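**Q** Right, I'll just put the structure down here and ask away after.
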Number of protein chains: 2
Amino acid sequence: MNPSEHDASTVRPVFIISDRSGLTAETLCHTLLSQFPDNVFNQIALPFVDSPEKVADAVTTINAAADESGNKPLVFTTFVDENYSTTLRESKGEIFDVFSPFIGAMEKELGQQSSHQAGQSHGMSNLTQYTQRINAVNYALYCDDGLHLRDYDKADIILLAASRSGKTPTCLYLALQFGFYAANYPLTEEDFEKDTLPEAVLNHRDRLFGLIIDPKRLHQIRSERRPDSQYASLRQCQRDVTIARALFERYKLPFCDSTNYSVEELGSTIKHQLGMQSSLY
Amino acid sequence: MNPSEHDASTVRPVFIISDRSGLTAETLCHTLLSQFPDNVFNQIALPFVDSPEKVADAVTTINAAADESGNKPLVFTTFVDENYSTTLRESKGEIFDVFSPFIGAMEKELGQQSSHQAGQSHGMSNLTQYTQRINAVNYALYCDDGLHLRDYDKADIILLAASRSGKTPTCLYLALQFGFYAANYPLTEEDFEKDTLPEAVLNHRDRLFGLIIDPKRLHQIRSERRPDSQYASLRQCQRDVTIARALFERYKLPFCDSTNYSVEELGSTIKHQLGMQSSLY
């Protein structure tokens, strides 16, 4: 629901404030807010708040939102510098410090102080990791949609599915997030008629992963691309998904129904089921 | 550092356990562990732990890791079902419940109970959001590296940079994460000789964003692609970056040095500086 459709008084301002990108706080905040589905939240990210002046500006912004909406803003923060947190506590917002509930107990258990370094998580630690990621993205693009089958020996994973079942975004996510070399192969009419796994992938069975999708969803997605085509017909979609599923079962390949999963969830599922380890962290 | 290079006793097992993908816990855990750089952690994700049997298996796994390493495992969890958390507390791990420090205070401030629905954050809420993301990825691929300039009128953002400065992964991240239509245009030798913005992008100045990069880093990256070429020479890299930077400054375009940023940080910076709002959340 769009906040602009509501009276200001029904909208709860939510701030995500960090000295770096704020992605950790944004991820957690998003999950927590989803536990309160009856509320209308107006989420505002203030990343790179890394000087006393910027913290003071943030306080002004929070206070203005409090006055305008008549609601106490929820403020999620990941400051390493405690002075910044202290300043924010003087604002009209309810402050949720994302790190503090954990750091103390971790220091105790590990028997040492935390380093108080800002924003390590999403930073780039070195050229090797950067190169790994970029190479993985290039590989995913190079081996997208059944291209360059000869390079499948370099793949960490080869996704198999009927056209438009979500292969490309999943491969790109696996590359960007984990640095995996992820190829994908579209099961074609020829494969469906033969009803066997395509020869190009048979030598790589330990790296294969299948995707299926609800035929009605597939019909919707294909219809956006080629409306009223044979390709997009519900009947064709049902047939493609049925044969794909049967193939995966017959060859005992791990597979997953992408209908109710986001690319993040698909990526985690595949990584977990194939027992893959990322070298990025 | 690879945990296998160490005695078991110096490695601290870390578990990330969730009833869904565990990405929220993984992101937070990764940030928290980075605050303790002197430790060697062995991170094990156990996603989709969504039945009492799987929780019992997780306890067995945690206890085995505790016995083997001689160290108390750190266990980060995002269970919505409190019974699961209670069972985990009987393990030999130190449990960090990622939600509980916040949910109580949020319930109080919002005056209502949380919904106790598992894993909302990374789930797919509807076909529109799914389609938006997929279309954005397709657009990024279609308008990658100066392709299909005519479709720039559909762009939310057009990234400009010299070859190999990190444009493609950043565009794919903007598409996957936020559903933005992100095109990218490589500044070429012709542009550098003319020393003006290319005509194709001049009509879209409010959507332009530049990337620069440390010439030494660019030299390393280009050398992997075409070793000992003129293109990869440090001199050429210095020249390309200098002219690109001068162009961005002259046209007053927002730009950013990608050298010390990850794609996530670049994505957040660009979104923030251009004041873009994602329709995905």
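**Q** Would you please name the residue that is nearest to A:Glu265 (Cα to Cα), looking only at residues in the stretch B:173-189 that are in a helix (DSSP H, G or I) and touching a residue at least 60 places away in the same chain (Cβ under 8 Å)? Give the steps one after another, and end with the answer.
**A** We begin by selecting, within the stretch B:173-189, every residue in a helix (DSSP H, G or I); these are B:173-178, B:189.
Subsequent filtering for residues that are touching a residue at least 60 places away in the same chain (Cβ under 8 Å) retains B:173-174, B:177-178.
Values: B:Tyr173: 16, B:Leu174: 18, B:Gln177: 13, B:Phe178: 16 Å.
Ranking the candidates gives B:Gln177 first.
**Q** Tell me, please, whether a residue that is out of contact with any Lys or Arg (no Cβ under 9 Å at 6 or more places or on another chain), closer than 17 Å to B:Pro254 by Cβ and surrounded by 20 or more Cβ atoms within 10 Å (Cβ to Cβ) can be found in the stretch B:168-178.
**A** Within the stretch B:168-178, one or more residues are out of contact with any Lys or Arg (no Cβ under 9 Å at 6 or more places or on another chain), closer than 17 Å to B:Pro254 by Cβ and surrounded by 20 or more Cβ atoms within 10 Å (Cβ to Cβ).
**Q** Restricting attention to the stretch A:125-141, does a residue exist that is within 14 Å of another protein chain (Cβ to nearest Cβ), assigned to a strand (DSSP E or B) and not β-branched (Val, Ile, Thr)? Before you say what the answer is, go through the steps one by one.
**A** Here is the first cut: in the stretch A:125-141, the residues within 14 Å of another protein chain (Cβ to nearest Cβ) are A:125-141.
Going one step further and asking which of them are assigned to a strand (DSSP E or B), we end up with none.
The answer is no; no qualifying residue exists.
**Q** If you scan the stretch B:156-177, which residues turn out to be of a type in the set (A, V, I, L, M) and within 9 Å of chain A (Cβ to nearest Cβ)?
**A** Here is the first cut: in the stretch B:156-177, the ones of a type in the set (A, V, I, L, M) are B:157-162, B:172, B:174-176.
Passing the criteria: B:Leu172, B:Ala175, B:Leu176.
**Q** Is it true that some residue in the stretch B:6-13 is of a type outside the set (Asp, Glu) and within 20 Å of A:Ile103 (Cβ to Cβ)? Working first, answer last.
**A** Of the residues in the stretch B:6-13, the ones of a type outside the set (Asp, Glu) are B:6, B:8-13.
Then keep just the ones that are within 20 Å of A:Ile103 (Cβ to Cβ); that gives B:12-13.
For the stretch B:6-13, residues of a type outside the set (Asp, Glu) and within 20 Å of A:Ile103 (Cβ to Cβ): present.
**Q** Turning to a different aspect of this structure: For B:Thr24, indicate whether it is crowded, with 23+ Cβ neighbours inside 10 Å, closer than 28 Å to A:Phe79 by Cβ and either acidic (Asp, Glu) or without any contact (Cβ under 8 Å) to a residue 24 or more places away in the chain (or both). Spell out the reasoning first.
**A** Numbers: crowded, with 23+ Cβ neighbours inside 10 Å: yes; closer than 28 Å to A:Phe79 by Cβ: yes; either acidic (Asp, Glu) or without any contact (Cβ under 8 Å) to a residue 24 or more places away in the chain (or both): no.
Here the answer is no, as B:Thr24 does not meet what is asked.
**Q** Quick check: is even one residue across the stretch B:264-276 more than 9 Å from chain A (Cβ to nearest Cβ), at pLDDT below 95 and farther than 19 Å from B:Ala136 by Cα?
**A** yes
**Q** Of the conditions (1) modelled with pLDDT under 95; (2) touching an Asp or Glu at 6+ places or on another chain (Cβ under 8 Å), A:Leu28 clears all except one; give me its number.
**A** Every listed condition holds for A:Leu28 apart from (2).
**Q** Now for a different question. Pairs only if they're at least six apart or on different chains, beta carbon under 8 angstrom, first in the stretch B:268-281 and closer than 11 Å to B:Pro254 by Cα, second of a type in the set (D, E, K, R); list them, first residue then second.
**A** B:Leu274/B:Arg207
**Q** Within the stretch A:142-167, track down each residue that is surrounded by fewer than 23 Cβ atoms within 10 Å (Cβ to Cβ) and either among the acidic types (Asp, Glu) or in a helix (DSSP H, G or I) (or both).
**A** Of everything in the stretch A:142-167, those that are surrounded by fewer than 23 Cβ atoms within 10 Å (Cβ to Cβ) and either among the acidic types (Asp, Glu) or in a helix (DSSP H, G or I) (or both) turn out to be A:Tyr142, A:Asp144, A:Asp145, A:Gly146, A:Leu149, A:Arg150, A:Asp151, A:Tyr152, A:Asp153, A:Lys154, A:Asp156.
**Q** Test each condition in (1) closer than 30 Å to A:Glu224 by Cα; (2) not assigned by TED's automatic domain parsing to the domain that holds B:Val201 for B:Leu149 and report the one that comes out false.
**A** (2)
The values are calculated or read from the model by the stated rules, or taken from the named source; none is laboratory data. Predicted model, so just to flag it, every value in this text is computed and none were measured. Reconstructed Cβ throughout: ideal geometry from the backbone, glycine too, with neighbour counts over all protein chains shown.
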